[in-house]
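Engineer: Got a structure for you, written out below as structure tokens; questions coming shortly.
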Amino acid sequence: MKLASWNVNGLRSLAPQQNLFAKQTPNYWEIFLQAVRPDIFCLQEVKASPEQIPEAMRSPAGYSSFFSACRTRKGYSGVALYTKVKPLSVVYDLGIPEFDEEGRFIGAEYEDFWLLNVYFPNGGRGPERLDYKLRFYDAFLLFAEKLRKNKPVIFCGDINTAHEEIDLARPKENERNTGFLPEERAWLDEVVAAGYVDSFRHFHPHTRDAYSFWDSYTYARERNVGWRIDYFFVAREFMPRVQKAEIHSQIFGSDHCPVSIVLS
């Protein structure tokens, strides 16, 4: 079983679109499905409610889909989960209104595990937003740990923080920037201490220049000046089931690329 996660930065933008020069962009949606072939996949930053999404992307053949859209702003945030395996249950909220209203969370319960798809907040735009991000972090981990009392938890998504210096191209230059602040990285230390395994680092402990996000305004992807901020964290007790973890940097269509794990 392959699980994938991708911050798409606008789901509708993955469909072919004609530009000013009458050239059509590739069908990034189909390229992703055919290249990665996930059994379950989680999307972040969908930026649309289900009725705004083309049918082919809302209900692809063989998948059931579930959406959590932002309740306060159109075209902002939002997550989606697509699955070939019918979940036992689906949850859309952490139970805290200030976090739930932005459509950042959706979870699916399967027979052997919980899968939590999360678009964690960005800490930019001032101290209030950084505080919001850190409080969201803490609330999410408490929620995940409650679920974990009954069965193992896998959580994935855009965490918006690089954990170690190896996880971004320019660590020294970003020590005072959100996404690599000590207090943000400290929360990832807590996640690891709680018994969650960074699946990519488990299989690729010394791999450098492996990133999942590149700033589009500076054409950073062409130079591979990136950040690894998209993760699959797996409860330690479930790690024997994980066979592989990958970053699919050959998939375009967003300023992020998909990441995936394979379960036995």
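Bear in mind that the values in this text are calculations on the coordinates, not laboratory data. Keep in mind the model is a prediction, meaning the values are calculated, not measured. Neighbour counts are summed over all protein chains in view; Cβ atoms, including those assigned to glycine, are modelled from backbone coordinates with ideal geometry.
Engineer: Taking square-rooted eigenvalues a ≥ b ≥ c of the alpha carbon gyration tensor, is segment 2-263 rounded, prolate or oblate, where a/c under 1.5 means rounded and, failing that, a/b exceeding b/c means prolate? Intermediate results must be reported in sequence, preceding the final value.
Structural biologist: Values: a/c = 1.27, a/b = 1.08, b/c = 1.18.
Rounded.
Engineer: Within segment 115-146, report the trypsin sites (Lys or Arg not before Pro) that DSSP leaves as loop and that have at most 11 other Cβ atoms within 10 Å. Show your work: numbers first, answer last.
Structural biologist: Working: sites: 125, 129, 133, 135, 146; in loops: 125.
Qualifying residues, ordered by number: 125.
Engineer: Could you tell me how far the Cα centroid of segment 14-78 sits from the Cα centroid of segment 118-132, in Å?
Structural biologist: If you average the Cα positions of each part, the centres end up 24 Å apart.
Engineer: What number, rounded to the nearest 500 deg cm²/dmol, is the helix-based mean residue ellipticity at 222 nm of the chain, given -39500 (n - 2.57) per DSSP H run of at least four residues and division by all its residues?
Structural biologist: Numbers: 7 runs with 60 residues, N = 264.
Helix-only estimate at 222 nm: -6500 deg cm²/dmol.
Engineer: Just flag the chymotrypsin sites (Phe, Trp or Tyr not before Pro) in segment 7-60 sitting in loop per DSSP whose Cβ has no more than 16 other Cβ atoms within 10 Å. Don't skip to the answer; put the middle values down first.
Structural biologist: On the way: sites: 21, 28, 29, 32, 41; in loops: 21.
Loop-located and lightly packed - 21.
Engineer: Measuring from centroid to centroid over Cα atoms, what is the spacing of segment 142-186 and segment 222-264 in Å?
Structural biologist: Each part's Cα centre sits 14 Å from the other's.
Engineer: I would also like to ask the following. Which of the peptides 96-108, 161-173 is most tightly packed, and how do the rest follow, judged by the mean count of other Cβ atoms within 10 Å per residue? Spell out each step's value before the answer.
Structural biologist: Numbers: 96-108: 19.2, 161-173: 17.5.
The most tightly packed comes first, giving 96-108, 161-173.
Engineer: Near residue 171, within a Cβ-to-Cβ distance under 11 Å, what is the net charge of the other residues, with Lys and Arg +1 and Asp and Glu -1? Don't skip to the end; give the middle numbers.
Structural biologist: Details: positive: 170, 172, 185; negative: 164, 165, 167, 173, 175.
Residues close to residue 171 contribute a combined charge of -2.
Engineer: Could you line up 206, 256, 248 from fewest to most neighbouring Cβ atoms inside 10 Å? Walk me through the intermediate numbers first.
Structural biologist: Working: 206 6, 256 24, 248 16.
Least crowded to most crowded, the residues run 206, 248, 256.
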